[in-house]
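Step one of this worksheet: look at the structure below.
The values are calculated or read from the model by the stated rules, or taken from the named source; none is laboratory data. Note that the structure is a prediction, hence the values are computed from the model and not measured. No Cβ is skipped: glycine too gets one built from the backbone with ideal geometry, and neighbour counts run over all protein chains shown. Only protein heavy atoms, including side chains, enter the accessible area calculation; ligands, DNA and RNA are left aside. Shrake-Rupley method; radii C 1.70, N 1.55, O 1.52, S 1.80 Å.
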Amino acid sequence: MAGYRIGEAAKLLDVRVETLRRWERDGALTVERTPGGQRLVPEAEVARLLAERRTEQPTPTHASRRNAFPGVVTKVTKDGVSAVIEIQAGPHRVVSLITREAADELGLTPGMEAVATVKATSVMVEVLDR
């Protein structure tokens with residue numbers, strides 16, 4: 001059985017174990033049981049819940065404004081997977097490659113105000129052993 005123990009799933013979803021048990025009772029969460037009776041939350045269920053919660057409004061965060069460049073979107077070029085966004089920030093032209101989904105969610109169109117934030121040149125993905 002592939003899945004997360006209920007405590008692991010709760011941690012990933014940032015909820016309490018009691019919340020997952022209530023969701024199970026209410027039919028909002030499908031769980032499996034081990035031969036010993038322990039709850040296992042299938043990986044697909046965790047992914048579904050994370051995706052659903054992602055559509056909610058994000059919690060406001062505070063960030064350093066040192067590397068923020070306010071400007072105007074001058075060009076949006078989308079293909080099936082990615083989008084190239086150009087922002088004119090004062091005398092600087094900032095170009096960003098983002099996912100098409102992100103561009104669509106932000107509703108990016110030429111002429112709208114936006115802020116380009118420069119942080120890192122690369123992002124690495126690491127999988128933790130369970």
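Quick rundown of the values:
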read-out: Of the criteria (1) under 30 Å from Ile6 (Cβ atoms); (2) modelled with pLDDT of 80 or more, which one Leu128 fails; value: (2)
read-out: Lone qualifier among Pro70, Pro58 - being assigned to a strand (DSSP E or B), open to solvent by 80 Å² or more (accessible area, probe 1.4 Å), modelled with pLDDT under 90 and out of contact with any Phe, Trp or Tyr (no Cβ under 8 Å at 6 or more places or on another chain); value: Pro70
read-out: Residue match in the range 25-40 (condition: open to solvent by 50 Å² or more (accessible area, probe 1.4 Å), of a type in the set (Asp, Glu) and part of a loop (DSSP other than H, G, I, E, B)); value: no
read-out: Qualifying residue in the range 89-109 (condition: over 26 Å from Ala51 (Cβ atoms), surrounded by 10 or more Cβ atoms within 10 Å (Cβ to Cβ), basic (Lys, Arg) and at pLDDT below 90); value: yes
read-out: The range 67-86 residues that are in contact (Cβ under 8 Å) with a residue 40 or more places away in the chain, paired with ones that are open to solvent by 40 Å² or more (accessible area, probe 1.4 Å) and hydroxyl-bearing (Ser, Thr, Tyr) (beta carbon under 7 Å, 6 or more apart); value: Asn67/Thr117; Ala68/Thr117; Val73/Thr109
read-out: Options Arg65, Arg48, Arg22; residue that is at pLDDT below 85 and out of contact with any helix residue (DSSP H, G or I) (no Cβ under 9 Å at 6 or more places or on another chain); value: Arg65
read-out: Matching residues in the range 1-21 - criterion: being open to solvent by 70 Å² or more (accessible area, probe 1.4 Å), over 16 Å from Leu128 (Cα atoms) and under 25 Å from the mean Cα position of the chain (by Cα); value: Asp14, Arg16, Glu18, Arg21
